[in-house]
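A short write-up of the structure that comes next.
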Amino acid sequence: NAGVTQTPKFRILKIGQSMTLQCTQDMNHNYMYWYRQDPGMGLKLIYYSVGAGITDKGEVPNGYNVSRSTTEDFPLRLELAAPSQTSVYFCASRPGQLNTGELFFGEGSRLTVL
Amino acid sequence: DQQVKQNSPSLSVQEGRISILNCDYTNSMFDYFLWYKKYPAEGPTFLISISSIKDKNEDGRFTVFLNKSAKHLSLHIVPSQPGDSAVYFCAATGGADGLTFGKGTHLIIQP
C-alpha cells in the first residue's frame, strides 16, 4: 500500500513563480490536511478538507489555495511564491468521523523560494 | 500563542535508560493527546495517544501519562534504544481541523 504520496519531494522556485504540490492517498480517507514545518518549529496547519468538494482554512492559509475534487487527491497551490514559503510541506489524511488525532503523513515536499 | 509546548529542544539519554519527554498544553478542550516520531527526510509517524478521560496509556516500551490538573503529559520510553533517536512531537486534537503540534524534542540515544 502506498498510503499518502506527495510529489515533488524537492523543488526550488523563484520569487513570484507558482506551483502545485500534489498529494494523493489510497486509503479512502475522507479527511485530508496540509501542514508546513519551518526549521525548529512544529507543524502548522495550512488547509484541510473533510471530504470531496469541502475545504477550509487552517492556521496559516495566506498565499495558498487548495481543491478537493476527488477523495484521493488534495493538491496545494502556491501563487506568487515568496521566500517566507520556504518550508517542508506535509500532506496527511485520516479516516472516519471520530477524531482521535491519528494522521497518516506523506514523506514531505521540501520547497525553497529564492 | 502556543497551545502545545515542548520546552526541551533536545534530550540526550544513554542506551538502556529511561527517556522522558515532556509536553504542556493550555487548551482544556483538547480531546486526545498524541506523540509522533519523526526521522530526517520522512513524515511524522504516529507513536501513541491518550484520551483526555484517561491518565495513562501503555504500548510496549512506550507509556504516555496525562495530568489534566497540571495540563501536562509525558512520554516514557524504557528501555531506550538507538532506533529511538528521532524528533518527537507532542500534539493534541479537539475537532475536525487536524492537530496542534508542539515544536518537537530531539531525542538522542547515546551508546
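Applying the criterion of being among the aliphatic types (A, V, I, L, M) and within 14 Å of another protein chain (Cβ to nearest Cβ) to the residues of the range B:87-111, the residue that is nearest to A:G51 (Cα to Cα) is B:A96. The number of residues in the range B:93-111 that are in contact with an Asp or Glu (Cβ under 8 Å, 6 or more places away or on another chain) and either buried (at least 20 other Cβ atoms within 10 Å of the Cβ) or modelled with pLDDT of 95 or more (or both) comes to 4. Residue count for the range A:6-60, restricted to those that are closer than 22 Å to A:A82 by Cβ and assigned to a loop (DSSP other than H, G, I, E, B): 15.
Here A:S69 clears all of (1) open to solvent by 70 Å² or more (accessible area, probe 1.4 Å); (2) modelled with pLDDT under 95 except the condition numbered (2).
From the set of residues in the range B:68-86 that are assigned to a helix (DSSP H, G or I) and open to solvent by 10 Å² or more (accessible area, probe 1.4 Å), which is farthest from the other protein chains (Cβ to nearest Cβ)? Break it down stepwise before answering.
First, pick out the residues of the range B:68-86 that are assigned to a helix (DSSP H, G or I): B:82-84.
Adding the requirement that they be open to solvent by 10 Å² or more (accessible area, probe 1.4 Å) leaves B:82-83.
Values: B:P82: 22, B:G83: 18 Å.
Within the range B:68-86, the match that is farthest from the other protein chains (Cβ to nearest Cβ) is B:P82.
Summed over the range A:53-76, residues that are without any contact (Cβ under 8 Å) to a residue 12 or more places away in the chain and either within 14 Å of chain B (Cβ to nearest Cβ) or closer than 21 Å to A:A2 by Cα (or both) total 2. Of the residues making up the range A:77-88, not a single one is in a loop (DSSP other than H, G, I, E, B), open to solvent by 60 Å² or more (accessible area, probe 1.4 Å) and within 14 Å of chain B (Cβ to nearest Cβ).
When the range A:1-52 is filtered for residues that are at the interface with another protein chain (Cβ under 10 Å from one of its Cβ atoms), surrounded by 15 or more Cβ atoms within 10 Å (Cβ to Cβ) and of a type in the set (K, R), only A:K44 remains.
Restricting attention to the range B:16-64 and to residues that are part of a strand (DSSP E or B) and basic (K, R), the residue that is most open to solvent (accessible area, probe 1.4 Å) turns out to be B:K56.
The values are calculated or read from the model by the stated rules, or taken from the named source; none is laboratory data. Here the structure is a predicted model, which means the values were calculated and not measured. Note that each Cβ is placed from the backbone with ideal geometry, even for glycine, and that neighbours are counted across all protein chains shown. Quick note on the areas: whole protein, heavy atoms, side chains included, nothing else; ligands and nucleic acids left out. Shrake-Rupley method; radii C 1.70, N 1.55, O 1.52, S 1.80 Å.
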